[in-house]
């Protein structure tokens, strides 16, 4: 991946590079940004309608400015309502340097591009430009599309979009084209003619890159940030400052980004591409098909669960490796001189061969880790039983922090990076140790926990039931159903009920939804954005959710007055990477798998779920956590100390009309002992 990226960068930079400014203009630009952070926030309070001065936001901005000026890494937890996007963007823009902002979710990207950045462009006394850049696979490749049209028909609605789109971004579509079709026609680095392509000047992907080349602020996602870092700057233009928002996600994204995989469907797709694109010899393809069939047959017999960790080699892997390597050698040695070189047909074939070599090389690397296991990698099988069984071998790094440190924190040309989220701090002498270890940050770090400006003590209650059994007790499900029903009656609906597993969610929904007097839905019944809109527009709605509803959802006002969480969200024990990391910690006499991994992970996750309730200074409500380990286990107090400072209650009032409001207005006098 990284070997070709620099040539791509050079090809478009030469065509449309940012002109160098003469010294006098440089001085004017510097003077135009000669403002303090305080100056800018004063301008916002005067000119931006609805903006309120927040001391916590200014505090965060000053700390981030200190990180940038000192050239150090900044790690910050900013509680709900601090306004961390403005706090980070403003000091970065005042520097006059090129800034990359990386987020984990589309919702936050859209907030930056459609709300925060336009507001600053209106208010700030100097001009700056900003673009959203996505991964190459999100953009249509016009040459590849026209080549595909020569081979088979395409849906007319899709063709209409191709003829009218100005960005070529697949997210514009109201429908998704078949996955196989999009893989054939999207922009592909290994199949790209670059400036020799007849569509180069109008290429959607290179147009996006040219705009990014000229921008002061570039918004990306974590996966693209890591891909660029691993390719030594082959995707993004050079930048000096980095803002990583929703930073708690990046270690997991890095684990995925630096993982390898090979599946039975992937091998099947490889064979079809090799036959269709380069007319590869039938006997080579046949050998791969036979070896693959035998290898995955043995895997199928070994695997009886959706995830099965592999501790030893699998029968047939050597034969599959040899068959794949023979095809790779043929592709590397074939010069395609037999092809009549009309309209660059020979060069196109060579590029297609190169793309196939890249795929085969990744498959071989993954299978070699299976053949000769490494202590630095975890290997397992993912099994999906549908119409056609999918078996996928995955090899993931045991520790992604060295990759993050080498490719991101120590990226050449980077002056400083800031890592921020509403949930980074955990218990201990250094509340950021768990997170800093996960990204490989050294001790030279500027760090700060900036509290939320909201008055949690008077806006929210934390209900911890007194008499529930522990979550693993056989009676927990029955007793927790009764508590959930009581809470929903008290809040008159208007509730999120959040679970740590899909099975628990389905059981609770099927048990409670038929007898609740309020309209209820569960995650999976409709796409997530539609489900959120349904909740916002439906009076007294109740939403049963898991995973994706623990964060990234903001419901203001009384529409959400109750958040119920079934248990402490410890990581699932069947995750192979988590299991391997626990085992590695067990071998270290100075560390504990529970204290150093399980507990801080669960704490950060629980803070995310709790954070769904209070989103503005006017919100009020109750958070209920139905896990008595918070009050009965030694680690429960450590977790509670990391949550917002809500008043804790141990019993509930009787439900009735207006009970929740009365409950809150009375000063919440149901605490008990």
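The values are calculated or read from the model by the stated rules, or taken from the named source; none is laboratory data. Please read these numbers as outputs of a predicted model, since none were measured by experiment. Neighbour counts run over all protein chains shown; Cβ positions are idealised from the backbone, glycine included.
For the subset of the range 236-245 comprising residues that are assigned to a loop (DSSP other than H, G, I, E, B) and touching a strand residue (DSSP E or B) at 6+ places or on another chain (Cβ under 9 Å), which member is surrounded by the fewest Cβ atoms within 10 Å (Cβ to Cβ)? Talk me through it step by step, then tell me what you get.
Within the range 236-245, the subset assigned to a loop (DSSP other than H, G, I, E, B) is 236-240, 245.
Filter once more, so that each one left must be touching a strand residue (DSSP E or B) at 6+ places or on another chain (Cβ under 9 Å): 236-237, 239-240, 245.
Numbers: 236: 22, 237: 21, 239: 22, 240: 17, 245: 27.
The residue in question is 240.
In the range 174-191, is there at least one residue being modelled with pLDDT of 80 or more, in contact with a helix residue (DSSP H, G or I) (Cβ under 8 Å, 6 or more places away or on another chain) and farther than 25 Å from residue 357 by Cβ? Within the range 174-191 (the criterion being modelled with pLDDT of 80 or more, in contact with a helix residue (DSSP H, G or I) (Cβ under 8 Å, 6 or more places away or on another chain) and farther than 25 Å from residue 357 by Cβ), the answer is no, since none of the residues qualifies.
Can you find even one residue in the range 496-504 that is in the same structural domain as residue 566 (by TED's automatic domain parsing) and over 23 Å from residue 607 (Cβ atoms)? Checked against the condition, which is being in the same structural domain as residue 566 (by TED's automatic domain parsing) and over 23 Å from residue 607 (Cβ atoms), the range 496-504 yields at least one hit.
Criterion first (buried (at least 24 other Cβ atoms within 10 Å of the Cβ), more than 24 Å from residue 556 (Cβ to Cβ) and touching a residue at least 12 places away in the same chain (Cβ under 8 Å)) does residue 95 satisfy it? Spell out the reasoning first.
Working: buried (at least 24 other Cβ atoms within 10 Å of the Cβ): no; more than 24 Å from residue 556 (Cβ to Cβ): yes; touching a residue at least 12 places away in the same chain (Cβ under 8 Å): yes.
For residue 95, the condition - buried (at least 24 other Cβ atoms within 10 Å of the Cβ), more than 24 Å from residue 556 (Cβ to Cβ) and touching a residue at least 12 places away in the same chain (Cβ under 8 Å) - is not met.
Listed by position, the helices (runs of 4 or more DSSP H) inside the range 1-104 whose residues that are modelled with pLDDT under 85 number at least 2 are 5-15, 23-32.
Residues of the range 579-611 that are in contact with a strand residue (DSSP E or B) (Cβ under 8 Å, 6 or more places away or on another chain) and over 16 Å from residue 252 (Cα atoms): 606, 609, 610.
Can you find a residue in the range 113-121 that is on the phi < 0 side of the Ramachandran plot and in contact with a helix residue (DSSP H, G or I) (Cβ under 6 Å, 6 or more places away or on another chain)? Before the answer, list the steps.
First, pick out the residues of the range 113-121 that are on the phi < 0 side of the Ramachandran plot: 113-121.
Subsequent filtering for residues that are in contact with a helix residue (DSSP H, G or I) (Cβ under 6 Å, 6 or more places away or on another chain) retains 116.
Yes, the conditions are met somewhere in the range 113-121.
Exactly one residue out of 70, 102 is touching a strand residue (DSSP E or B) at 6+ places or on another chain (Cβ under 9 Å), within 18 Å of residue 419 (Cβ to Cβ) and surrounded by fewer than 23 Cβ atoms within 10 Å (Cβ to Cβ), and it is 70. Regarding residue 37, is this residue surrounded by fewer than 22 Cβ atoms within 10 Å (Cβ to Cβ) and over 26 Å from residue 233 (Cβ atoms)? Yes; evaluated as a whole, the condition is true for this residue.
Quick test for you: out of 648, 622, 564, pick the one residue that is in contact (Cβ under 8 Å) with a residue 12 or more places away in the chain, under 25 Å from the mean Cα position of the chain (by Cα) and either within 27 Å of residue 470 (Cα to Cα) or surrounded by 14 or more Cβ atoms within 10 Å (Cβ to Cβ) (or both).
Numbers: 648 fails: under 25 Å from the mean Cα position of the chain (by Cα); 622 fails: under 25 Å from the mean Cα position of the chain (by Cα).
Of 648, 622, 564, the one residue that is in contact (Cβ under 8 Å) with a residue 12 or more places away in the chain, under 25 Å from the mean Cα position of the chain (by Cα) and either within 27 Å of residue 470 (Cα to Cα) or surrounded by 14 or more Cβ atoms within 10 Å (Cβ to Cβ) (or both) is 564.
If you go through the range 423-463 and keep only what is assigned to a strand (DSSP E or B) and closer than 30 Å to residue 653 by Cα, you end up with 460, 461, 462, 463.
Only one entry of 527, 573, 569 meets the criterion of being under 30 Å from residue 635 (Cβ atoms), under 28 Å from the mean Cα position of the chain (by Cα) and free of Cβ contacts under 8 Å to residues at least 24 places away in the same chain, and that entry is 573.
Within the range 495-518, if we keep just the residues that are loosely packed, with under 15 Cβ neighbours inside 10 Å and not in a helix (DSSP H, G or I), the residue that is farthest from the chain's Cα centre (by Cα) turns out to be 517.
With respect to residue 323, is the statement that it is in contact (Cβ under 8 Å) with a residue 12 or more places away in the chain, closer than 29 Å to residue 188 by Cβ and touching a strand residue (DSSP E or B) at 6+ places or on another chain (Cβ under 8 Å) true? No; evaluated as a whole, the condition is false for this residue.
Taken over the range 146-164, the residue count meeting the criterion of being at pLDDT 80 or above and surrounded by 13 or more Cβ atoms within 10 Å (Cβ to Cβ) is 4.
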